[in-house]
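Step one of this worksheet: look at the structure below.
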Amino acid sequence: MSIFQNTVFYTTINHLQDLPPPNGVEIAFAGRSNSGKSSAINTLTNRSRLAFVSKTPGRTQHINFFKLGDRHFLVDLPGYGYAKVPSEIRKHWENLLSTYLQTRKSLYGMVLIMDVRHPLTPLDRRMLDWFTPTGKPVHILLTKADKLTWQQAKSTLQNVLEFLQKTYPQCSVQLFSSTSKKGIKETYTVLEAWLGLASTPIQKTKPIIKVKT
Ligand code: GDP
């Protein structure tokens, strides 16, 4: 059984001092509000409502930790781009998030969720600009791929890939759909390698560019 199917809610944090001890490997999930992040987490963990915990009042601007197996964590970061957030809260959120992303030693890599119909928005670029200087890998899921024809999805994937190769070479990218379950196996392959569960771990020093259609 995949380690992702053994995921349970662990804790919610709103202040850096409340982060759990940095033992084990953490994989962060980020994305714009409504990009399909919660659905992707629920699909990958095979739990219909797990990540909706992060959407309950009082938790939406917080970092939510889900335990993967005995010692690893899936870390659900607050969705960004939601216009109604007051500026005080937005500042607190930006500080919490950027400090976590830039300094957390146990954080291995980031899964960045983008709606395949609106990839690489300015806020997605800003997230990449915060995180990629760490040198850690980013795997992008172009989700809701079922909303496009195969040709459209493939062409978007190719355009995003070309842009990443030039600008953010440590990013890999694939198509994904929580509705049709497209791309789940490819995602598991990347994440299991990050968690050290694959037979041939991904080399951290080499950029990996994946094209999955
Ligand atoms: P979040 O705000 O990023 O966590 O986004 P949600 O997971 O709540 O999804 C936002 C909306 O997009 C919901 O109406 C979902 O049902 C829909 N959605 C999410 N993933 C997919 C997908 O792969 N395909 C389709 N067709 N709809 C999706």
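Please grab the % of Cα pairs in region 12-106 that end up more than 16 Å from each other. Could the numbers behind the result be given before it?
Details: 2411 of 4465 pairs.
Tail of P(r) above 16 Å: 54 percent of Cα pairs.
How much accessible area does Arg90 have with a 1.4 Å probe, in Å² rounded to the nearest 10?
Spelled out: Arg90, probe radius 1.4 Å, area about 90 Å².
For region 158-198, what is the convex hull volume of its Cα atoms per residue in Å³? Could you put the intermediate results ahead of the total?
Numbers: hull volume 3.2 nm³, N = 41.
Cα convex hull per residue, to the nearest whole number: 79 Å³.
Amide H neighbours of His139 under 5 Å, at least 5 residues apart or on other chains, H built in the peptide plane: list them.
Counting only residues 5 or more places away or on other chains, the set is Met110, Val111, Leu112, Ser172.
Scale the Cα Rg of the chain by the rule-of-thumb value 2.2 N^0.38 Å and send over the ratio, two decimals.
Numbers: Rg = 16.0 Å, N = 213, 2.2 N^0.38 = 16.9 Å.
Taking N as the residue count of the chain, the ratio is 0.95.
Just the accessible area per residue of region 23-155, please: how many Å² with a 1.4 Å probe? Walk me through the numbers on the way to the answer.
On the way: 5800 Å² over 133 residues.
So region 23-155 comes to 44 Å² accessible per residue, rounded to a whole number.
Please report, as a whole percent, how much of the solvent-accessible surface of the chain comes from carbon and sulfur atoms (probe radius 1.4 Å).
Values: 5220 of 10280 Å².
So the carbon and sulfur contribution to the accessible surface is 51 percent.
The values are calculated or read from the model by the stated rules, or taken from the named source; none is laboratory data. Just so we're clear, the structure is a prediction, and the values are computed from it rather than from any experiment. Remember, those area values only see protein heavy atoms, side chains included, never the ligands or the DNA or RNA. Shrake-Rupley method; radii C 1.70, N 1.55, O 1.52, S 1.80 Å.
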